[in-house]
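> Once you've had a glance at the structure underneath, I'll fire off some questions.
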Amino acid sequence: MDWTRLGQEFAFIGRIVDRLKPSQPPAEGFHLVQGIGDDTAVIQTAAGEMLWTSDMLIEGVHFRLDLGDPYRLGWKALAVNLSDIAAMGGQPIFALWSCAFPPECLLGWADRLVEGFLACAQQYGVQLIGGDTNRASMVVLDIGVLGRATCRPLFRSTAHAGDRLFLTGSIGGSRAGLERLLQDGWQKAEADDPAAVETHLKPIPRLREGQLAAEQGASALIDLSDGLAGDLLKLCEASGCGAILWQHALPLHPSVTRLAQEKGFDPHLFALVGGEDYELLIAVPPDWASECQQRIEAETGTTLTEIGFLTEERTLWVKDPSGQHLPLPAGWDHFGSSPSASATPSLPRLPTQWQQG
Ligand code: ADP
Ligand code: MG
């Protein structure tokens, strides 16, 4: 198949949805609450609401073997899946993983990959219960995770105009790490900016933060895999609202500011479209917002930053300190050009207003 002609990732998913036939009710005792369209599927069972998700990492698309170690790659392969469980306010339980390797892949390399995967599983109480192993022309890691909602699942589609928007941690660090890796190679990037490289190679799923958001009355939740701009758009489209972000409030990773100064680009724009932050974007009704923020910060030690609010009008804006409204740039698309696969770092195209600003 000519994948370049597939068009945009989400257009393809839409074509799958269009072809779904109304299905028979599932086996007795199972009720599908959420199918395609959120961070995980949600299935009501006698044991409660179960969460089911899968995500894959592909060499040349998501990682390069010369720009990182197998241990952190194994960690990341599971962590990005756990981030989707976190994005539903859930707790992960079991994982399956399917791996494909080129024949020249060394056993010692693959052992370190497994060790990284299992370290992540151990850290977050996940049990590896199976998978598949095969040969391919590149490394492919495809992981499925089963979890449960500890309180109630938090969807993308249940936010309302007026809700306040919070972000865990900081954004742009992972993309800054990637840009350093592509520009300088692994050894130099690691020496010059270890924090950014670590953020890119070993993301931390915000599981406890997501569970607390569900307990504290948040209205909607999504994790940031494609960049704040793209993932906010998904949340707004699903919830039928728009948003205004405050540019000055965006919590930029310190490495973004440094890189932006060196390269002369806009640090806020860079962080908005960066991708692979694996932070949580939380929408909270105004009445619950302060308590939700305080409880998550107190129990996890993770900073929650208020970055804007949702609007009735279905448009997305970033308000700069002078009061000007800038259009939100587009997020990441896997069928577009791939930063991990490209030989030289490249920044996304800037909307004109940002170039002038
Ligand atoms: P995430 O970035 O959180 O993994 P996406 O926004 O990329 O989620 O995916 C949107 C939705 O599309 C998810 O519910 C996902 O399960 C679904 N999806 C993606 N690819 C496929 C596919 N090939 N077949 C069916 N559903 C898919
Ligand atoms: Mg997600």
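The values are calculated or read from the model by the stated rules, or taken from the named source; none is laboratory data. What you see is a predicted model, and the numbers here were worked out from it, not measured in a lab. Don't worry about glycine lacking a Cβ; one is built from the backbone with ideal geometry, like all the others, and counts go over all protein chains shown. Accessible surface areas use protein heavy atoms only, side chains included; no ligands, DNA or RNA. Shrake-Rupley method; radii C 1.70, N 1.55, O 1.52, S 1.80 Å.
> Can you tell me which residue in region 148-168 is surrounded by the most Cβ atoms within 10 Å (Cβ to Cβ), limited to those that are in contact with an Asp or Glu (Cβ under 9 Å, 6 or more places away or on another chain) and of a type in the set (Gly, Ala, Ser)?
ALA149
> Against the condition among the hydrophobic types (A, V, I, L, M, F, W, C), crowded, with 24+ Cβ neighbours inside 10 Å and touching a His at 6+ places or on another chain (Cβ under 6 Å), how does LEU178 come out, does it pass?
When the stated conditions are applied, LEU178 passes them.
> Just need a number here: residues in region 16-53 that are at pLDDT 95 or above and at positive phi.
Of the residues in region 16-53, 1 are at pLDDT 95 or above and at positive phi.
> Can you tell me which residue within region 242-277, out of those that are open to solvent by 20 Å² or more (accessible area, probe 1.4 Å) and among the aromatic types (Phe, Trp, Tyr), is modelled with the lowest pLDDT?
PHE265
> Tell me, which strands (runs of 3 or more DSSP E) wholly within region 1-102 include 3 or more residues that are open to solvent by 70 Å² or more (accessible area, probe 1.4 Å)?
The strands (runs of 3 or more DSSP E) meeting that bar are 48-58.
> Keeping to region 224-253, report how many residues are in contact with an Asp or Glu (Cβ under 6 Å, 6 or more places away or on another chain) and within 15 Å of ligand 2 (Cβ to nearest atom).
Number of matching residues: 1.
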